[in-house]
Every structure is written in C-alpha cells, then in structure tokens.
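The values are calculated or read from the model by the stated rules, or taken from the named source; none is laboratory data. This one's a predicted model, so the numbers in the text were calculated from it and none came from an experiment. Virtual Cβ from ideal backbone geometry, glycine too; neighbours counted across all protein chains shown. Just so you know, the surface numbers come from the protein's heavy atoms only, side chains and all, with ligands and any DNA or RNA stripped out. Shrake-Rupley method; radii C 1.70, N 1.55, O 1.52, S 1.80 Å.
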Amino acid sequence: MEFSSSLVFLAIPLGLVIGVVVGAFILQAASALCNIEDVRYVKALGLLMLLIVANAPIVALIFFLGQGVVSGLGWGKDSVLTLLVFAGYPLHWLLSGLVLFWPLHVSYWRGVLVSIMHNVITVVVAGVLGGLALVVLAAVQLVSA
C-alpha cells in the first residue's frame, strides 16, 4: 500500500481517536490500581488530553536531540534510541506527576505512580494487540499460500 493512498489518510485519524478513547480507559485503570477513587471517564479523557499537550514538547525534544546525535556525532541509531528512551520516560513520568497531582487530589509522587502505571498498562496492551495482529497476519499468509 502506498503512503498516498486514501486509506492511510482515513486510518491515521481513526487510529488516533481509538488510541485516545482507549487511553482514557487505561488512565482510569491506572488510577484504580493506585487506589485513587473513581475517576470518571470524561475527567480521564480531559486529563489524557492535558497529558498529551504537556508531554508533546518532551517527545519533540527527544526526537530532535536523537536526530542531532545520530547525524552529528555518528552514533548508531539503536544506542541513541536506547539512551533517549531511558532519559525520556523518567522526564515524562515526572512531568505527568505535575499534571496529575492537582486534578486527582493526590500527592505528587502518587501522580508519578499513576503515570508509571499508565505507561506499563499501555505497553502491555500494545504488546498484546501487536501480537494478535501478527498472529492474524500469519494466519492470512498461511491461508493465502
């Protein structure tokens, strides 16, 4: 499939909407696992949007720093990616703790814990869905061959 295909322009916004809807449910689950009482869906959706807006500069900064290190210093892409992930996640968690502690009426460190749990649940869900997608693709390949 070519990138200019009309399906791509339909699939990307649809995927983003599905990701935000599921992300709000995951934020509710993370809050429940951290013993925060009943975060409603609309509040979780608003907090998720606020987290996305607050963390976008960190993601952009990490991306541009990574591109600069790879092109300027000649480091390998894998080592730079590993280094930036280990630097980026703690920054993301600390900033998310600042965003979450006031609306959730918890301490700063509880907000950081909610952010960590949100990331852990997101990684697990993405891994399971990615694995299922690979199984479906393998089954389609077996049937078509």
If you check 58, 26, which single one turns out to be under 16 Å from residue 123 (Cβ atoms) and of a type in the set (Val, Ile, Thr)?
26
If we ask which residues in the stretch 96-115 are in contact (Cβ under 8 Å) with a residue 40 or more places away in the chain, of a type outside the set (Ser, Thr, Tyr) and open to solvent by less than 70 Å² (accessible area, probe 1.4 Å), their number turns out to be 6
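With the structure loaded, tell me whether residue 76 is modelled with pLDDT under 95 and either farther than 19 Å from residue 23 by Cβ or open to solvent by 70 Å² or more (accessible area, probe 1.4 Å) (or both) or whether it fails that test.
Values: modelled with pLDDT under 95: yes; either farther than 19 Å from residue 23 by Cβ or open to solvent by 70 Å² or more (accessible area, probe 1.4 Å) (or both): yes.
Yes: the conditions hold for residue 76.
Against the condition of a type outside the set (Lys, Arg), surrounded by 10 or more Cβ atoms within 10 Å (Cβ to Cβ) and modelled with pLDDT of 90 or more, how does residue 69 come out, does it pass? Quick ask: steps written out before the conclusion?
Working: of a type outside the set (Lys, Arg): yes; surrounded by 10 or more Cβ atoms within 10 Å (Cβ to Cβ): yes; modelled with pLDDT of 90 or more: no.
So residue 69 fails the test.
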Between 15, 23, 19, which is in contact (Cβ under 8 Å) with a residue 60 or more places away in the chain, under 19 Å from the mean Cα position of the chain (by Cα) and under 23 Å from residue 129 (Cβ atoms)?
23
Tell me yes or no: at least one residue of the stretch 86-95 is of a type outside the set (Phe, Trp, Tyr), at pLDDT 90 or above and open to solvent by less than 70 Å² (accessible area, probe 1.4 Å).
yes
Scanning the stretch 1-23 residue by residue, those more than 22 Å from residue 94 (Cβ to Cβ), among the small types (Gly, Ala, Ser) and not in a loop (DSSP other than H, G, I, E, B) turn out to be 6, 11, 15, 19
Do you know which residues across the stretch 25-53 are outside any helix (DSSP H, G or I), open to solvent by 100 Å² or more (accessible area, probe 1.4 Å) and closer than 16 Å to residue 111 by Cβ?
35, 37
